[in-house]
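To keep things clear, I will list the structure first and then write my remarks on it.
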Amino acid sequence: MAQVRKRRRRSRIATTLRWIGWGVAAILVLVVGVLLGYRVVTLPQHAGSVELSGLKAPVQVLRDRHGVVHIRAEHDLDAFFALGHAHAQDRLWQLEMNRRIVAGRLAEVLGPAALTTDRVLRVLGVRQQAAQVLEALDPLTRSVLQAYVDGINAGVEQALEKPWKLSPEFLILGVRPGRWEPVDAIGWATMMAWDLSANLNTELLRAALWPKLGSQRLGQLMDTDPAIELPDRDAVYAQNWSVARADAPGGPAGAAAAALGAALHATLQAAFPSAGNEGIGSNNWVLDASHTLTGGALLANDPHLALGAPALWYLAHLSAPGLEVIGATLPGLPYVVLGRTERTAWGFTNTSPDSQDLYLERVDPADATRYRTPEGWASFETRNETIAVRGQRDVSLTVRSTRHGPVLSDVLPPAQQALAAAGQDKGYVLALRWSALDPGDRTISAGIGINRAQDWAAFDAALRDFHSPQQNIVFADREGTIAMVAPGRVPVRKPGNALSGIAPAPGWDARYDWDGYLAWEQLPRVVRPANGVIVTANQKVLGADPQSFIGAEFSQPHRYDRIQKLLAAKPRHDLASFAAIQADLASGTVAELLPVLIDTPPRSALGHRAMEMLRAWQAEGERGAPWMDPARAEPLIAIAWIDRLRSAMFADEVGEQVFAQLDAQRSRYRAQLRALTLPEEAHWCDDVRTPAVETCAQLAVDSLEATLVELQGRFGDDPARWRWGEAHVAVSEHRPFGKHPLLSRVFDLRVPTGGDAASVNAGKHNPWDTVAPFANRWGPSLRALYDLVEPDRSLFMISSGQSGHVLSPQYRDLALPWAAGEYLPMVSSRAAVDRATVERLELRPRR
């Protein structure tokens, strides 16, 4: 009987477990069903027809299986309207964030965590500047902007009619999308310029380090090209042309500049982590017919920017009378930023001009509403702002501006605290002069113009309106012309400007004021070069007048040199060889530093094994070191060792917090290499915190052993099982859910990648990220290859997918192909588009 009871109990338990299992399965099926049903009802309408106000005639919006949009319109303004509508359908949350960034209204939906960002944005006054720009634009540009935002707003109205169809971000945060105005589009172009401008950050860091290191050591750590030797710091801040030297000697002003430097930089980096980052670079190159297998020009471009989910770019084709253009658009802008027409193609890289200067302004001790100028005391311009903060009371803000520009130090508490600690909280403020905030910016007009240009003359003429940010723009057309021009507003600094724009200047001294901009004829320019080759990769470029100062902080020429080498390796190229160059994983920094370190004698068995692996890797040649293969361990060991050694060399003198800011903003590989190879700079290897005198050889051994212990803790005991790609995973971060520990798992995209910041196929990590120090967060956001003989053979690819809706299959379908170096066809001919179409939506004028 006991056995029978046991069997019955086991049977009941088994039955219960089966019911629990079926119940869990049913819940999972229900959840999946709900999600699938939610996806079906919330995804935008891509087929059928819809009536919309604002159209002149019906428009066809075709999509291929990846969601690439092809717009056919009878009127060009309808094409821009349809682009706005497509952006709203597929990237509405991205548009909402972009609009709020321009206006400084993030805290309204994200709460106090976004308040610092809003404060800075309000002080910059991007939207106010956009309103001034709009008033001065020509009627054609204004009509394009209006048509585009009308299209966005038509999509917003559709979404608000059925709010359950909004993407999950709106529902999770309880937000409704707002309407767009033309100033929002202009402001978004300005914010893109902000991301590509770096001088502000390095000026702040120089200000912090100048008194600590002195001019000579600071020049070694933060070198410039051309070399600029900073003068005596106190002498700079004591000089005053027009009024008595009330500040003499220059100590108080110099102390104020130093106090502001690190505090401002840390706060700005927290608010805008991508601004001025070294990983924000690009490659482009163009060959004429003498170097190609096609009989015409070929052009390549891959801009390296912060990886996001969804991607920064949206692929689209606009076809209308007088308009035939395809390529990468930016949600928020009404035109193809990077792409081709039927007869032309173009690509951008950042020129890195010195377009920002910081000015230390002396506040009148008797009247805090005034500041010193060369002519005497002047009143601050002021305006009042109110920032709504979710869950808290509104925050009032008084924005002050000087003759140079907005006062940044007013809105950053760490800057105010730093000034107070230096005893200068009442005496000085820091203002920003930035070319993108000057009146008359017509960059939007230039973008529209290049979309219509059919030859070099028209393209070149359109670029005269291109003001900010300065870009190296390569060009090719079907007639065989290849060219490069770097349009943009580049400040002219006076001969007496001893700082040359690389450190905060005394605002009361007229010698440090700008003296206009470089003339169009002085900008970098190459047309139909005799050798038939043009390459730019953020390396130093020179204007028509080599004495014209453009900037002093360019990227190291590793990618440029590698591209030139690969192009020279074959007499003629095609798109396949261009694709291979874009996928190249060789690292210029590892190629320079590893030979210097390869004879380091390890102390441990693990160290001996790691060095054997590195030597074998180096001996493999072209596809060994420095080939940053994601499937190998050696790139991980090399990068982790180099990073740790660099920190050991510099952080003791600079301070760990400031060096982390400095190295994350722009890795100090050149200073590291010089210190390891030049006796006169080997002093950096001595740890000033100890009485002993350490050598570079000692630091190399110590760093190697510490690195291997760290890697074992992260990736396991066996180095043979470590993989660079698993550590160097490309993280496309969602805004804002990428910061949430749970939601980031749903909204972020992660794929293994190779390369490093010095590879053509770039991928930059932040070694100071304690959670994921090797993660790839800046890379080729877009890859594009253009064939000027057969335009339909052109190719492109973005890093995530076309949709911004996390439940759409097109949210992430391009991430793995992008990481693998694959492409989508960039077709624009009617027959090719029709063959690829899987969804067809007709937009009809509302009766």
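The values are calculated or read from the model by the stated rules, or taken from the named source; none is laboratory data. Not measured: the values here are computed from a predicted model. All Cβ positions, glycine included, derive from the backbone under ideal geometry; neighbour counts span all protein chains shown. What goes into the accessible areas is simple: the full protein's heavy atoms, side chains included, and nothing from ligands, DNA or RNA. Shrake-Rupley method; radii C 1.70, N 1.55, O 1.52, S 1.80 Å.
Details
- Among the residues of the stretch 539-577, those that are touching a strand residue (DSSP E or B) at 6+ places or on another chain (Cβ under 8 Å), modelled with pLDDT of 95 or more and open to solvent by less than 40 Å² (accessible area, probe 1.4 Å) comprise ARG559, ARG562, ILE563, LEU567, HIS573, LEU575.
- Test: ASP687 is assigned to a loop (DSSP other than H, G, I, E, B) and either open to solvent by less than 60 Å² (accessible area, probe 1.4 Å) or farther than 30 Å from SER215 by Cβ (or both): yes
- Within the stretch 465-506, the set of residues being of a type in the set (Ser, Thr, Tyr) and at pLDDT below 95 comprises SER500 only.
- Every residue from the stretch 421-441 that is at pLDDT below 90, outside any helix (DSSP H, G or I) and open to solvent by 20 Å² or more (accessible area, probe 1.4 Å): ALA422, GLY423, GLN424, ASP425, LYS426
- Among the residues of the stretch 689-719, the ones that are among the β-branched types (Val, Ile, Thr), in contact with a Leu (Cβ under 9 Å, 6 or more places away or on another chain) and farther than 16 Å from PRO601 by Cβ come to 1 in all.
- Residue match in the stretch 345-363 (condition: more than 30 Å from PRO524 (Cα to Cα) and assigned to a loop (DSSP other than H, G, I, E, B)): no
- Check on GLU361, open to solvent by 10 Å² or more (accessible area, probe 1.4 Å) and either closer than 30 Å to PHE80 by Cβ or touching a residue at least 24 places away in the same chain (Cβ under 8 Å) (or both): no
- Elements of the type helices (runs of 4 or more DSSP H) sitting completely within the stretch 551-614 and holding at least 3 residues that are touching a residue at least 24 places away in the same chain (Cβ under 8 Å) and β-branched (Val, Ile, Thr): these cover 588-597.
- Residue in the stretch 692-713 that is farther than 30 Å from GLY655 by Cα and not hydrophobic (A, V, I, L, M, F, W, C) present: no
- Only residues that are part of a strand (DSSP E or B), of a type outside the set (S, T, N, Q) and either modelled with pLDDT under 95 or touching a Leu at 6+ places or on another chain (Cβ under 9 Å) (or both) were counted across the stretch 317-338, and they come to 11.
- Selection count where residues are open to solvent by 50 Å² or more (accessible area, probe 1.4 Å) and more than 17 Å from GLU592 (Cβ to Cβ), scope the stretch 620-639: 4
- Count of the stretch 175-203 residues, restricted to those that are of a type in the set (D, E, K, R), closer than 30 Å to THR224 by Cα and open to solvent by less than 10 Å² (accessible area, probe 1.4 Å), is 1.
- All of TYR786, TYR811 fail the test of being at pLDDT 95 or above, under 19 Å from ASP477 (Cα atoms) and open to solvent by less than 10 Å² (accessible area, probe 1.4 Å), apart from TYR786.
- Scanning the stretch 47-54 turns up no residue that is open to solvent by less than 50 Å² (accessible area, probe 1.4 Å) and outside any strand (DSSP E or B).
- Of all positions in the stretch 464-482, at least one carries a residue that is closer than 18 Å to PRO524 by Cβ and assigned to a helix (DSSP H, G or I).
- Taking strands (runs of 3 or more DSSP E) as the structural unit, those lying wholly within the stretch 366-420 and holding at least 2 residues that are at pLDDT 95 or above and over 24 Å from TYR512 (Cβ atoms) correspond to 381-387, 395-401.
- ALA458 open to solvent by 10 Å² or more (accessible area, probe 1.4 Å) and small (Gly, Ala, Ser): yes
- Those helices (runs of 4 or more DSSP H) of the stretch 628-677 in which 3 or more residues are over 15 Å from LYS764 (Cβ atoms) and at pLDDT 95 or above occupy 634-654, 669-677.
- Boolean, ILE172 is crowded, with 22+ Cβ neighbours inside 10 Å, modelled with pLDDT of 95 or more and among the aliphatic types (A, V, I, L, M): no
- Condition check for CYS696 on (1) without any contact (Cβ under 8 Å) to a residue 60 or more places away in the chain; (2) surrounded by fewer than 19 Cβ atoms within 10 Å (Cβ to Cβ): one failure, at (2).
- The stretch 503-538 - residue that is among the polar types (S, T, N, Q) and surrounded by 22 or more Cβ atoms within 10 Å (Cβ to Cβ) and, of those, nearest to LEU360 (Cα to Cα): ASN538
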